[in-house]
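*Asks:* Okay, here's the structure, questions in a sec.
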Amino acid sequence: MTFCTQQTTEQSGKLLIKCEDETRHPHCPHGPTLLFYMKDKGPEEGFYACAAYRDRKLCNYNVPVKDLNSKHLNRVYYNLSREYRAIREKFWDETYEKEKHYCLTCNVPLKESDLLPHSEHNLLRSLSENNLKDPTSFLLPIDIDKGNAQYYFDLKALQFFERCLKKLEISKILCIGAPRLHGYLRNHCKNWLQSFLLDLDHRFHYFYDDEEFAWYNMCNNFFFDECQRRKFIRFLKIKSSQRLLLFTDPPFGCRTEPIINTLRELSKLFNGINHLPHQPLPIFWIFPYFSEQYIQAECSAFEMCDYKVNYINHLSYTNNGHKFRKLGSPVRLFTNVPLEMLKLPVEEGYKYCARCERYTALENHHCNKCNKCPSKNGATYRHCLNCGICVKPYYIHCHDCHRCTQKEGHNCVEYQAKQTCRICGKQGHTEPKCSLRKT
């Protein structure tokens, strides 16, 4: 297992993010901001904006670099963590009242004496023990696509992750933005696995104590509560016989640069706490297959596993319902764990490829020319002799672009401007127009 430490690179478009030295950035209510800037203008012409939310309606913080002053840098925001902790303590105190309820309208836990003002609201009365052990069983998922949108894994995905953790002999897991997995593991694997949840959703404050939860922003590695941060650092300390894995399921609207930066920082912290040399931390990162180029541009150590991750509350990222994708969910597992160590379930449509020495999807046929199972999106790829690579079955080769393209009659100039040259590695042209072609 490897974990790279390369610098931030360009992602889609021309808007770049500078992630290093976030502690020197001004804060918004969600922690240190990120510095955004246009590629052709540089950081000095950029602006600071919220790391968690891309929608100005959710967080309107926006300060141009040229306007930054001490007022912005010294501003302190009111922290709600104490209030959430007080609500939790009252909720779990059974001295006078034992029954526990929850208002889905106000998103607050209640005791019997608190019910009257919420009588017209959407109430869940008398929460069961199973509800309390895994609040994702009743909490309404947040559906803010430009922020912390929540989609919960289906049971087969949860069981697959559990089998992987057993196979890898993991004894501690850090769940970042994966509350469904945390709830499942603490109820089904507590005899051999310890789990700690980091999440931006403050509602988990009410159900998990500081020994297993911290209110946290993964886009800037920010803890809202210092007490929880200290408990988290204690959790990272392992014995020689223990192994810790980091699992993250970030919102798919997140840029990969800040996520990679957070993973690097947590890996450094883990090694420092345990007095280890640079030892890669095993990581499972759940993200769509079409983000592979961005993930590998930031860190080439991550490989994509063929396992299709399904969610119970997403219309198309699933394998059932009237809107599911014919090719299956586009969500995959990216990891720095060698793929040959992951056994995919044959009964769910996977096979073992002896030539690749790993499990792949049934439709992912091995190509003798490429010497690999090339499919990414759930279709059976075909080999293009002109391109020398395997392509999607509905792609057609364009001799002007020297590429297989999605359809005939496309605009060659526009298409070539988006391609990456296979000679120099730069975007904006294809090989025949490359200045290095002759050399």
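The values are calculated or read from the model by the stated rules, or taken from the named source; none is laboratory data. Bear in mind that the values here come from a model prediction, so they are computed numbers and not experimental data. Glycine also receives a Cβ, built like all others from the backbone with ideal geometry; neighbour counts cover every protein chain displayed. To get the accessible areas, we keep the full protein, side chains included, count just its heavy atoms, and leave off ligands, DNA and RNA. Shrake-Rupley method; radii C 1.70, N 1.55, O 1.52, S 1.80 Å.
*Asks:* Only residues that are open to solvent by less than 50 Å² (accessible area, probe 1.4 Å) and assigned to a loop (DSSP other than H, G, I, E, B): list them for region 407-424, please. Spell out the reasoning first.
*Replies:* To start, the set of residues in region 407-424 that are open to solvent by less than 50 Å² (accessible area, probe 1.4 Å) comprises 410, 412, 416, 419, 421, 424.
Once the filter is applied, which keeps residues that are open to solvent by less than 50 Å² (accessible area, probe 1.4 Å) and assigned to a loop (DSSP other than H, G, I, E, B), region 407-424 yields His410, Gln419, Cys421, Cys424.
*Asks:* Still on this structure, please answer the following. Under the condition of being assigned to a loop (DSSP other than H, G, I, E, B) and charged (D, E, K, R), which residue from region 337-361 is farthest from Lys166 (Cα to Cα)? Steps first, please.
*Replies:* Taking region 337-361 first, the residues assigned to a loop (DSSP other than H, G, I, E, B) are 337-338, 342-345, 349, 354-357.
Filter again for charged (D, E, K, R), leaving 343, 355, 357.
Numbers: Lys343: 11, Arg355: 25, Glu357: 20 Å.
Per the stated criteria, the residue is Arg355.
*Asks:* Can I ask one more? For region 278-289, indicate whether the set of residues that are within 24 Å of Lys14 (Cα to Cα) and either crowded, with 19+ Cβ neighbours inside 10 Å or in contact (Cβ under 8 Å) with a residue 60 or more places away in the chain (or both) is non-empty. Please lay out each step first, then the result.
*Replies:* Going residue by residue through region 278-289, those that are within 24 Å of Lys14 (Cα to Cα) are 287-289.
Okay, now just the ones that are also either crowded, with 19+ Cβ neighbours inside 10 Å or in contact (Cβ under 8 Å) with a residue 60 or more places away in the chain (or both), so 287, 289.
Yes, region 278-289 contains at least one residue that is within 24 Å of Lys14 (Cα to Cα) and either crowded, with 19+ Cβ neighbours inside 10 Å or in contact (Cβ under 8 Å) with a residue 60 or more places away in the chain (or both).
*Asks:* Which one of the conditions (1) among the polar types (S, T, N, Q); (2) open to solvent by 20 Å² or more (accessible area, probe 1.4 Å); (3) not assigned by the TED database to the domain that holds Thr256 does Thr136 fail to meet, given that it meets all the rest?
*Replies:* (2)
*Asks:* Lys167 is checked against (1) open to solvent by 80 Å² or more (accessible area, probe 1.4 Å); (2) in contact with a Ser or Thr (Cβ under 6 Å, 6 or more places away or on another chain) and fails just one. What number does that condition carry?
*Replies:* With (1) open to solvent by 80 Å² or more (accessible area, probe 1.4 Å); (2) in contact with a Ser or Thr (Cβ under 6 Å, 6 or more places away or on another chain) applied to Lys167, the lone miss is (2).
*Asks:* Please indicate, with yes or no, whether at least one residue in region 181-198 is at pLDDT 95 or above, surrounded by 18 or more Cβ atoms within 10 Å (Cβ to Cβ) and in contact with a Gly (Cβ under 8 Å, 6 or more places away or on another chain).
*Replies:* For region 181-198, residues at pLDDT 95 or above, surrounded by 18 or more Cβ atoms within 10 Å (Cβ to Cβ) and in contact with a Gly (Cβ under 8 Å, 6 or more places away or on another chain): present.
*Asks:* Tally up the residues in region 38-58 that are within 24 Å of Asp225 (Cα to Cα), aliphatic (A, V, I, L, M) and either in the same structural domain as Cys219 (by the TED database) or not in a loop (DSSP other than H, G, I, E, B) (or both), please. Lay out the reasoning, then the answer.
*Replies:* The initial filter retains those residues of region 38-58 that are within 24 Å of Asp225 (Cα to Cα), namely 48-54, 58.
Those still in the list that are aliphatic (A, V, I, L, M) too: 49, 51-52, 58.
Add one more test, that the residue is either in the same structural domain as Cys219 (by the TED database) or not in a loop (DSSP other than H, G, I, E, B) (or both), and what stays is 49.
Qualifying residue count, region 38-58: 1.
One line per residue, one yes/no per condition, for (1) open to solvent by less than 20 Å² (accessible area, probe 1.4 Å); (2) within 16 Å of Phe161 (Cα to Cα); (3) in a strand (DSSP E or B); (4) among the basic types (Lys, Arg):
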| site | (1), (2), (3), (4) |
| --- | --- |
| Gly328 | yes, no, no, no |
| Arg332 | yes, yes, yes, yes |
| Glu363 | no, no, no, no |
| Cys370 | no, no, no, no |
| Pro393 | no, no, no, no |
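*Asks:* If you take the residues in region 244-262 that are at pLDDT below 95 and assigned to a loop (DSSP other than H, G, I, E, B), which one is least open to solvent (accessible area, probe 1.4 Å)?
*Replies:* In this case the residue turns out to be Pro250.
*Asks:* Among the residues of region 85-107, is there at least one that is of a type in the set (Ser, Thr, Tyr), surrounded by 11 or more Cβ atoms within 10 Å (Cβ to Cβ) and over 24 Å from Ser119 (Cβ atoms)? I'd like the intermediate steps shown before the answer.
*Replies:* So in region 85-107, the residues of a type in the set (Ser, Thr, Tyr) come out as 95-96, 102, 105.
Checking which are surrounded by 11 or more Cβ atoms within 10 Å (Cβ to Cβ) leaves us with 102, 105.
Filter once more, keeping what is over 24 Å from Ser119 (Cβ atoms): none.
No, region 85-107 has no match at all.
*Asks:* Which one is nearest to Cys189 (Cα to Cα) among residues in region 108-133 that are among the hydrophobic types (A, V, I, L, M, F, W, C) and open to solvent by 40 Å² or more (accessible area, probe 1.4 Å)?
*Replies:* Here is the first cut: in region 108-133, the residues among the hydrophobic types (A, V, I, L, M, F, W, C) are 108, 110, 115-116, 123-124, 127, 132.
Within this subset, residues satisfying the condition of being open to solvent by 40 Å² or more (accessible area, probe 1.4 Å) are 116, 124.
Values: Leu116: 39, Leu124: 27 Å.
Looking at the filtered set, the residue picked out is Leu124.
*Asks:* If you go through region 372-391, how many residues are open to solvent by 50 Å² or more (accessible area, probe 1.4 Å) and touching a residue at least 60 places away in the same chain (Cβ under 8 Å)?
*Replies:* 1
*Asks:* Restricted to region 372-387, and to residues that are polar (S, T, N, Q) and either in a strand (DSSP E or B) or within 23 Å of the chain's Cα centre (by Cα) (or both), which residue is farthest from Gln406 (Cα to Cα)?
*Replies:* We begin by selecting, within region 372-387, every residue polar (S, T, N, Q); these are 375, 377, 380, 386.
Applying the additional criterion that residues be either in a strand (DSSP E or B) or within 23 Å of the chain's Cα centre (by Cα) (or both) yields 375, 377.
Details: Ser375: 16, Asn377: 14 Å.
This residue is Ser375.
*Asks:* Hey, another quick one. Can you spot a residue in region 310-325 that is of a type in the set (Gly, Ala, Ser), open to solvent by 20 Å² or more (accessible area, probe 1.4 Å) and at positive phi? Walk me through it before giving the result.
*Replies:* Residues of region 310-325 that are of a type in the set (Gly, Ala, Ser), as a first pass: 316, 321.
Restricting the remaining residues to those that are open to solvent by 20 Å² or more (accessible area, probe 1.4 Å) gives 316, 321.
From what is left, the residues that are at positive phi are 321.
Checking region 310-325: at least one residue is of a type in the set (Gly, Ala, Ser), open to solvent by 20 Å² or more (accessible area, probe 1.4 Å) and at positive phi.
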